[in-house]
Amino acid sequence: MGHSIGRISEIRLGSGRIPEMMIACPESAVPDAGQYLLAYDRDDPNTVLSIPLFMAEKSNQGFWAASLSPLNWVPGAKLDLIGPLGHGFDLPHNIQRLGLVVLGDTVSRLLPLVHLTTQTITGVTLFTDLSLPILPAALEVYPLASLKDFMDWPDFLALDVPLDNLPQLHAIFGLSNRDILPCPAQVLMTTPMPCVGMAQCGACAVPARRGWKLVCEDGPVFDLNVLQW
Amino acid sequence: MPKHDLSFNPAAMNTAGSLGFYPDSHSLIDWSALGAFVTNPISLTPRTPAHGRRYTPYPGGFLLHTGYPNPGLSHVLRRYAGQWSRSPLPVIVHLLARGTEELVKMVRRLENMEGVSGLEVGMVSEATTDMVVASTQASVGELPVIIQLPMERSLELAGSAIQAGAVAISLAAPRGMLPSQEGKSVQGRLYGPAILPMTLRVVHELTQLSIPVIGAGGIYTRQHVDAMLTAGALAVQLDSCLWCGAGSGILT
């Protein structure tokens, strides 16, 4: 578990009108897609918990970060950084048609997958109801309601799903509880992680086929088949 | 009477539920800054996480409702007893029992276990004086016993616990209620610096009654630690501040 110092060098408005921060930091601190980095501003007296930051886009200085909640940090703020932490996306090498599905508040946490895969796959399609920023030209976008008509198209699905929305997946896929997902899928579960893996406090517990899993420790990216949805 | 007393040097530890089941040498916590390690709450049988909204922030803190999930005492002992015996600091096992029978079973399995230096017994928020006395008497034996009381009722219950044989009182996070976004209300334990004025006053009043108390709740800075100790606390327990950049070294 690495510890480093970073600085907010710029702030922009990302998808879903969620602010994203450019974190200038050592390259070793930059999380992979789906992993998170804990950030803490020790000069901010209002900070009660460390904030998990996800990578939206790599840069020469560090990375553009998307958080799970609005922040009042400002450019110039110095941050204590811990991580990268957690299990990120691990896409097979033979994917040809990648489907991205976003039920959360931003598409930014999945966009690194587009940059990872454009060399090897023939198509990437994003399903979301969010208003979107400028996206890579190769990316086709459809509303969530159309996903059930496209379920035979992708050979791999990557999802960004808030914990509260997990029970909606069957309806969004257009599948009954007994149907099997036609392709492998990995899901980034988003939910507050107050203890950030230090206590197994259970606040981020997600129902699994066998018992339950902790998003902070076992995730935040899971094979969808591991979870109860 | 317990065969050995508890002493804490440094006079600080974590609260039950704040750092897991054993002092993990791979974490960023500076263990030398703590005088003891308190385990997550452990029940006799497994407990699953609470349903519904578990975390609700508010200015200066947050409300947490987790159900204290844990795999049960047998599983915990299989997995962590070895870690306790190799712990760099004294381990206090926090017990969560549904009655004195369960408590007796758990205490018997922990006495004479290498690395276990004491017990902390959590009392439910609706505990009566009789329940506190019975739980304390059921726990006291080979190991020193700390009784963790609901903070809001600690003045009423602390004297009974000490008279029944507890070496000290600790304070559970106070319970609160907040409106949720769905228009309902959520209940849970309160954390964050916003509760410090309440907890500091409780510690002050308990020490005025000569109750040995371990102060907890809302501690986020070195100044907060000093205020608790100045108010007469034997030691302090740190909770969610440990989740902020590993406590940001508030004890060093």
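Look at (1) among the acidic types (Asp, Glu); (2) under 14 Å from the mean Cα position of the chain (by Cα); (3) surrounded by fewer than 21 Cβ atoms within 10 Å (Cβ to Cβ) and you find that A:Asp43 fails only one, number (2). Checked against the criterion of being crowded, with 24+ Cβ neighbours inside 10 Å and more than 24 Å from A:Pro194 (Cβ to Cβ), the candidates B:Ala166, B:Ala231 yield just one match: B:Ala166. One residue stands out in the range B:174-206 among those that are touching a residue at least 60 places away in the same chain (Cβ under 8 Å) and assigned to a helix (DSSP H, G or I): the one that is farthest from the other protein chains (Cβ to nearest Cβ), namely B:Ile195.
Within the range A:84-92, the presence of at least one residue that is farther than 30 Å from A:Pro182 by Cβ and surrounded by 15 or more Cβ atoms within 10 Å (Cβ to Cβ) is confirmed.
So if I check each of A:Ser131, A:Ser108, which one is touching a residue at least 40 places away in the same chain (Cβ under 8 Å), in contact with a Ser or Thr (Cβ under 9 Å, 6 or more places away or on another chain), within 23 Å of A:Pro31 (Cβ to Cβ) and among the small types (Gly, Ala, Ser)?
Details: A:Ser131 fails: within 23 Å of A:Pro31 (Cβ to Cβ).
None of the other options fit; the residue is A:Ser108.
Test B:Asp226 against the criterion of being among the charged types (D, E, K, R), within 17 Å of B:Gly122 (Cβ to Cβ) and at pLDDT 95 or above, and give yes or no. In short, no.
Residues of the range B:144-163 that are in contact with a Ser or Thr (Cβ under 9 Å, 6 or more places away or on another chain), surrounded by fewer than 23 Cβ atoms within 10 Å (Cβ to Cβ) and hydrophobic (A, V, I, L, M, F, W, C): B:Leu157, B:Ile162.
Tell me which residues, restricted to the range B:2-26, are more than 9 Å from chain A (Cβ to nearest Cβ), over 16 Å from B:Ser117 (Cβ atoms) and at pLDDT below 95. Walk me through how you get there before you give the answer.
Of all residues in the range B:2-26, those more than 9 Å from chain A (Cβ to nearest Cβ) come to B:2-13, B:15-16, B:22-23, B:25.
Narrowing further to those that are over 16 Å from B:Ser117 (Cβ atoms): B:15, B:25.
B:Ser25, the sole residue that qualifies.
Applying the condition of being farther than 20 Å from A:Val161 by Cβ and outside any loop (DSSP other than H, G, I, E, B) to the range A:69-96 and asking which residue is nearest to the other protein chains (Cβ to nearest Cβ) yields A:Asp80. Of all the listed residues (B:Ser210, B:Ser160, B:Ser185, B:Ser180), the sole one being among the hydroxyl-bearing types (Ser, Thr, Tyr), modelled with pLDDT under 95 and out of contact with any Lys or Arg (no Cβ under 7 Å at 6 or more places or on another chain) is B:Ser185.
Considering every residue within the range B:27-43, establish whether at least one is within 14 Å of another protein chain (Cβ to nearest Cβ) and farther than 17 Å from A:Met198 by Cα. Walk me through how you get there before you give the answer.
Our first condition is that a residue be within 14 Å of another protein chain (Cβ to nearest Cβ); within the range B:27-43, this holds for B:27-31, B:34, B:37-43.
Now narrow it down to the ones that are farther than 17 Å from A:Met198 by Cα: B:43.
Checked the range B:27-43: at least one residue is within 14 Å of another protein chain (Cβ to nearest Cβ) and farther than 17 Å from A:Met198 by Cα.
Restricted to the range B:107-130, and to residues that are over 18 Å from the mean Cα position of the chain (by Cα) and in a helix (DSSP H, G or I), which residue is nearest to B:Gly215 (Cα to Cα)? The residue in question is B:Thr129.
Can you pull out the strands (runs of 3 or more DSSP E) entirely within the range A:150-229 that have at least 2 residues that are more than 13 Å from every other protein chain (Cβ to nearest Cβ)?
Working: elements: A:156-162, A:185-190, A:205-207, A:212-214, A:221-223.
Once the strands (runs of 3 or more DSSP E) in the range A:150-229 are filtered for at least 2 residues that are more than 13 Å from every other protein chain (Cβ to nearest Cβ), what remains is A:156-162, A:185-190, A:221-223.
When you scan the range B:158-172, do you find a residue that is within 12 Å of another protein chain (Cβ to nearest Cβ), within 30 Å of A:Asp164 (Cα to Cα) and touching a residue at least 40 places away in the same chain (Cβ under 8 Å), even just one? Scanning the range B:158-172 turns up no residue that is within 12 Å of another protein chain (Cβ to nearest Cβ), within 30 Å of A:Asp164 (Cα to Cα) and touching a residue at least 40 places away in the same chain (Cβ under 8 Å). Within this structure, A:Ala66 passes the test of being more than 11 Å from chain B (Cβ to nearest Cβ), part of a strand (DSSP E or B) and within 23 Å of the chain's Cα centre (by Cα).
Looking at (1) within 25 Å of B:Met177 (Cβ to Cβ); (2) within 12 Å of chain A (Cβ to nearest Cβ); (3) surrounded by fewer than 17 Cβ atoms within 10 Å (Cβ to Cβ), can you tell me which one B:Arg98 breaks? With respect to (1) within 25 Å of B:Met177 (Cβ to Cβ); (2) within 12 Å of chain A (Cβ to nearest Cβ); (3) surrounded by fewer than 17 Cβ atoms within 10 Å (Cβ to Cβ), B:Arg98 is out only on (2). B:Arg47 meets each of the listed conditions (1) surrounded by fewer than 19 Cβ atoms within 10 Å (Cβ to Cβ); (2) farther than 28 Å from B:Arg175 by Cα; (3) under 19 Å from the mean Cα position of the chain (by Cα) apart from (2). Residues in the range A:216-229 that are crowded, with 24+ Cβ neighbours inside 10 Å and free of Cβ contacts under 8 Å to residues at least 60 places away in the same chain: there are none.
Of the numbered criteria (1) loosely packed, with under 15 Cβ neighbours inside 10 Å; (2) closer than 29 Å to B:Cys244 by Cβ; (3) in contact with a helix residue (DSSP H, G or I) (Cβ under 9 Å, 6 or more places away or on another chain), the one A:Asn177 fails is (2).
The values are calculated or read from the model by the stated rules, or taken from the named source; none is laboratory data. Predicted model, so just to flag it, every value in this text is computed and none were measured. All Cβ positions, glycine included, derive from the backbone under ideal geometry; neighbour counts span all protein chains shown.
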